[in-house]
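Below is one structure, written out as structure tokens, with a few remarks after it.
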Number of protein chains: 2
Amino acid sequence: MKIYEFPIAPNARRVSIFLAEIGLEIERVNVDIRGGENLTPEFKEKAANGLIPFLELDDGTCICESVAICRYLESIHGQSVPSLFGDTPLEIANVEMWNRMVEFQVMVPLLQAFRNISGIYKDRETINQAWGEESKQRFINALSTFEHQLNEFPYVAGDRLTITDISLFAFLNFAKVIQFRLDDSTPNLLHWFDSMQRRPSIVSTKT
Amino acid sequence: MKIYEFPIAPNARRVSIFLAEIGLEIERVNVDIRGGENLTPEFKEKAANGLIPFLELDDGTCICESVAICRYLESIHGQSVPSLFGDTPLEIANVEMWNRMVEFQVMVPLLQAFRNISGIYKDRETINQAWGEESKQRFINALSTFEHQLNEFPYVAGDRLTITDISLFAFLNFAKVIQFRLDDSTPNLLHWFDSMQRRPSIVSTKT
């Protein structure tokens, strides 16, 4: 198995942190997405979504989408105890709910803010600066839900670490690209982020 | 258990189709999202993401996010055979990959196109008409991946119906709000959509 990635991309980072948490090492292949290596027909033949990270199995089967990759790898590795996706149906639902909230309310506006403010991919997509600024504001507004949740629980989905914390960490850490850093206005998030930063899985995957 | 919903919203529709496919009937509560009933503190106390649909269990626990709701309900109902989420680790990964591609490449641009072109929620969010038009184009461009996949397989994730078909159907059906309808330029999608439209789960949940 190999993982194709671009290590500083937040979705590559969250897969790397996940693998470190479950203690699984896999060969990595670097893809130069800034240079457009993911835009070739050869790349799209492997990664149906045209994105990194993706996992290539020994028989050539490819799985893309970070969460699908993590769930698959945990499952074939001999599911972690407790699972980073939750164990009971209700726990699994709660983890999936919070992970999707991170993705749709934090990741989507963050990545749209980054691409539209920086214009990093202006060679391949239409840029809308005003939408970038609006997205940055929506990203910041979305954090209040997580600040509130972390006032009641030590981790995003409750009493223990799950994939949800890994997702939120990877995106908040990436948010420096839009000149955003957590501060005292969200003390629970700040405290949680500091604790996350000290985990071996985060230290060992730092780029 | 009760599902809080707004039946014509595409995420409510996909949960309804899913429930019809697994043969589960649940009490429904209508929420007037156009009138802002989801913006109240009482609503947000229940639905952490501030959105419909969400599931309220008899003990008051609430689960939001459509895919989390579907996975939970299939699981407690006595998992369908075969499961609409896939059965083996590889099948589960493949279904999740395609379902997420529907969400990030079709749903996200479609909903951003709808909200920014129509201005339907201009009482509560900043509208960017140019981003709406750009999103409509991205939505249309994204369909080529699915057209290609349906040239090789009868269903989006392969040889049988999964949640992925339900998701894609609900969003393509909703796309009439941005004056989009499938036509002969994507014959495989058109054929698949016509077959989906004849399923009892689709007919019985028509709004």
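Derivation of every value follows stated rules applied to the coordinates shown; laboratory data play no part. Just so it is clear, the model here is predicted, and its values are computed rather than measured. Positions of Cβ are backbone-derived with ideal geometry, glycine not excepted, and every protein chain shown enters the neighbour counts.
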Helical contribution to [θ] at 222 nm, DSSP H n ≥ 4, -39,500 (n - 2.57), averaged over the protein assembly as shown, rounded to 500:
-15500 deg cm²/dmol
Fewest-first ranking of B:107, B:101, A:1, A:196, using other Cβ atoms within 10 Å as the exposure measure:
A:1, A:196, B:107, B:101
Nm distances between copies for residue A:147, ranked from closest, using label points 7 Å along Cα→Cβ:
4.6
From other protein chains only, count the Cβ atoms within 10 Å of every residue's Cβ in A:61-72, then give the mean.
5
Could you pull the copy-to-copy label distances for residue B:183, with points set 7 Å along Cα to Cβ, in nm to one decimal and sorted shortest first?
5.2
For the range A:1-91, what is the relative contact order in percent, using Cα pairs closer than 8 Å and at least 6 residues apart in sequence?
30
Taking amide H atoms as placed 1.01 Å from N in the peptide plane, list the residues 5 or more away in sequence, or in a different chain, whose amide H sits under 5 Å from that of residue A:28.
A:3
About the Cα centre, and with charges only on the beta carbon of Lys, Arg (+1) and Asp, Glu (-1), how big is the dipole of the range A:69-207? Nearest 20 debye, please.
500
Per residue of A:42-55, how many C-beta atoms from partner chains lie within 10 Å of its own C-beta, taken as a mean?
2
Please find, in a Gaussian network model of chain A (springs between Cα atoms separated by less than 10 Å), the residue of A:81, A:31, A:67 whose mean-square fluctuation is greatest.
A:81
In the range A:19-97, what trypsin sites (Lys or Arg not before Pro) fall in a loop by DSSP, with at most 16 other Cβ atoms inside 10 Å?
A:34
Shortest-first distances to equivalent copies, position residue A:203, nm, label 7 Å out along Cβ
6.3
Which order do B:57, B:143 fall in if you start with the one that has the fewest other Cβ atoms within 10 Å?
B:57, B:143
Output ordering of B:157-164, B:73-80 (per-residue mean of other Cβ within 10 Å, highest first) is B:157-164, B:73-80
Find, among the GluC sites (Glu not before Pro) in the range B:116-198, those assigned to loop by DSSP (not H, G, I, E, B) with at most 14 other beta-carbon atoms within 10 angstrom.
B:125
With θ set to phi - 60° and the Karplus curve 6.51 cos²θ - 1.76 cosθ + 1.60, what are the ³J(HN,Hα) couplings of the range A:154-159 in order, to the nearest whole Hz, using x for Gly and Pro?
x, 10, 4, 9, x, 8
Most fluctuating of B:117, B:52, B:166 in the GNM of chain B (C-alpha, under 10 Å) is B:117
First check a/c for the protein assembly as shown, with a ≥ b ≥ c the square roots of the eigenvalues of its C-alpha gyration tensor; if it is under 1.5, answer rounded, and if not, answer prolate when a/b is larger than b/c or oblate otherwise.
rounded
DSSP-loop GluC sites (Glu not before Pro) across the range B:1-58, with at most 16 other Cβ within 10 angstrom
B:25
So what are the ³J(HN,Hα) numbers for the range B:86-97, from phi and the Karplus equation (6.51, -1.76, 1.60; θ = phi - 60°), rounded to whole Hz, Gly and Pro as x?
x, 10, 7, x, 5, 5, 4, 5, 5, 5, 5, 4
Chain B, closest residue to the rotation axis toward A, by beta-carbon, whole angstrom
B:131, 2
Using each residue's phi in the range A:59-68, evaluate 6.51 cos²θ - 1.76 cosθ + 1.60 at θ = phi - 60° and report the 3J(HN,Hα) Karplus result to the nearest Hz, with x for Gly and Pro.
8, x, 4, 10, 10, 10, 6, 3, 5, 5
Partner chain coverage, peptide A:96-105 - average Cβ within 10 angstrom:
6
Answer rounded, prolate or oblate for chain B, using the Cα gyration tensor with square roots of eigenvalues a ≥ b ≥ c: rounded when a/c is under 1.5, else prolate when a/b is larger than b/c, else oblate.
oblate
